[in-house]
Every structure is written in structure tokens, then in C-alpha cells.
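Data block below; observations after.
The values are calculated or read from the model by the stated rules, or taken from the named source; none is laboratory data. All values derive from a computational prediction rather than experimental measurement. We place every Cβ from the backbone using ideal geometry, glycine too, and count neighbours over all the protein chains shown.
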Amino acid sequence: MAAAMAGAVDLAAVKARSEAAARARSAPPPDPATPAGVPGSAVVDVTEATFQAEVLDRSFQVPVVLDLWAEWCQPCKQLSPILERLAAEGDGAWVLAKIDVDANPALAQGLRVQGIPAVKAVWQGQLVAEFSGAIPEEQARQFVTELVQVTTGGAVPGAPEGAAPEPDDPRLDAAEAALERGDLPAAEAAYQAILAEEPDHPEAGLALRQVQLFRRAEEAGPNALAAADAAPDDVEAQTRAADFLLGTGNVDEAFARLVDVVRRTSGEDRDRARTHLVELFGIVGDDDPRVGAARRQLTAALF
């Protein structure tokens, strides 16, 4: 399975995820007996109007696999029937959401679709895995099997037997509950408590850095941009503005601002800007192509 998607999340998304989770709790689960293509079934056609309910909200019940296709795409006609068959066999363990990219260009753009067929998995409102191109049924089955195991701990009917998935860490529950209610200080404290017991915890370290970024962004507020523009040589003002930009999802702008500071400064100021930028790289993750591009820009600015 593709690596988990990393990156900053809009602070407003914390509240949005909580509301989506509440809607999902009150909605009936997907019903395999519902005819394919209609809301509530294991295979559903999704438009811009139904994306919130059928993908984002539904992903708080089961993982949702997006099949991005077009009528003219021949590889799509190979992959889509495989995914539809697997979804029907899945007995409601996951949902296949089919999106015609020609009919829904805004969705394709928002999902950063560069070619089709493209398959992306959504869990609890976030992209967690993806692949592109037509793949054999065995690989597609492995993809959805691992997705269900990793997200819900469940099993997909017909999946090959293998090692049992790692159990969820109950210590993360308090932090995730705090995030859902928008309590960033409580989430930060919960992650810090985990790291105090287990400094090398595989999830808590990155999660803590992300929450700390969200708190800095919240404290900085939108006024941070005006303050930074008014004081271009104030490194602290520039890092606060970059934090706000990253915390609100403007990744490229956050990186570009600090690269520009590195380019224009020297000595201690330059080192502070560089160090902060590298910290932001770690929060977004090296798998994100925007990090690779910004690293190259940073190297050029330094040398």
C-alpha cells in the first residue's frame, strides 16, 4: 500500500471532521444489498454535490476508495470492473466511490489528479493511500485488504490470510478525541504523555509536531501575514507567517516565504529561517513532492 499521505491540515478542518463524524454516527452504514451506483451502496457514483456525504462523511464509518476515471480512458475500463467486483464482495467493509473526472473537474483538481485511472483512499476525512494506473486484481485486492486492516482492523471477505494487523494504541484515543473537539492543548498534552513513556512512538512524535504547528498558527492568526509583509527583515515575523500559512494548508506559500528569507539574510537570521523551514519539511513529510521542490530551492538559496 502506498505510504500514508502527510501534510498540514487546515485548522478549520478539525471542526469540520468533528461535524462529519457526528453525521456519520447518525447515518446508516453502507448496505451491500443497495443497488450499485446509488447513495448508501458499496459502489456509489459521486459528484461535487455528493462528495461531502458519500466520501468525507462516509469515511468516518468505513474507508472509502475513490476511483477517478473517464469514459475515454481505456485502462480505467480494465481497473474499474475489478474494483467494483471487490467492493461488492467486501460486504460493506469499504465503499467504492466512482468519480468521472470530466464531469467533476473541481474534484479532480482538488484531489491533485495528474493522470487516470487514479485510486485514492479516504479514512476519517483524510487521504491515507493511493496508486495510479491499472493494476492486476491480486494487487487491487491486497490494496483494499491492507486498507481495511490498517483503518478499521477488520477483514475483507475472500482476502488471503496473513499476519494479524497491529492493534490500535489506546493511548492515542485521548489525543484524537481532543482533536475532534478542537482542544489543541489537550491533544498536545496527550501526545507528550505518550512520548514520555515511549520516546520512539511511531505516530505520536509527528502528531505532536503537527498539533504544535496548529497551535502556533492559531496564535499567529491571519494578522501574521500583514505583520510579516510590513517587516520583511524580521525573521520571527516571517516564521510566524509561515506557520500560519502551513497550518491553513498553504504549503507552497509557507515554504516560499522562508526560502526567500534564507536567500535574503545571513548569519544567525539565515540559520534560524533555515532551521524552521527544515522543521516544516518534517511536518509535511518527505513523500510530499512539494517538500522535494522546496528542498531544492533551499539548497539553491544556500549555495
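Of all residues in the range 184-210, exactly one satisfies the criterion of being in a loop (DSSP other than H, G, I, E, B) and either of a type in the set (A, V, I, L, M, F, W, C) or farther than 26 Å from H276 by Cβ (or both), namely E198.
On the stretch given as the range 238-275, residues that are crowded, with 18+ Cβ neighbours inside 10 Å, closer than 22 Å to L184 by Cβ and of a type outside the set (F, W, Y) total 11. Flag: A108 does not match the condition of being surrounded by 15 or more Cβ atoms within 10 Å (Cβ to Cβ) and under 17 Å from S41 (Cβ atoms).
In the set (1) over 27 Å from G110 (Cβ atoms); (2) in contact with a Gly (Cβ under 8 Å, 6 or more places away or on another chain), R264 fails one condition alone, (2). Just a yes or no: is a residue in the range 115-129 over 30 Å from H201 (Cα atoms), at pLDDT 90 or above, surrounded by fewer than 19 Cβ atoms within 10 Å (Cβ to Cβ) and outside the structural domain of D200 (by TED's automatic domain parsing)? Yes: the range 115-129 contains one or more residues that are over 30 Å from H201 (Cα atoms), at pLDDT 90 or above, surrounded by fewer than 19 Cβ atoms within 10 Å (Cβ to Cβ) and outside the structural domain of D200 (by TED's automatic domain parsing). Selection of helices (runs of 4 or more DSSP H) fully inside the range 212-303 by the criterion of at least 1 residues being free of Cβ contacts under 8 Å to residues at least 24 places away in the same chain and of a type in the set (G, A, S) returns 223-230, 235-247, 267-284, 289-302. Here the condition is being farther than 30 Å from A175 by Cα, of a type in the set (A, V, I, L, M, F, W, C) and surrounded by fewer than 22 Cβ atoms within 10 Å (Cβ to Cβ); of L298, L206, it holds for L298 alone.
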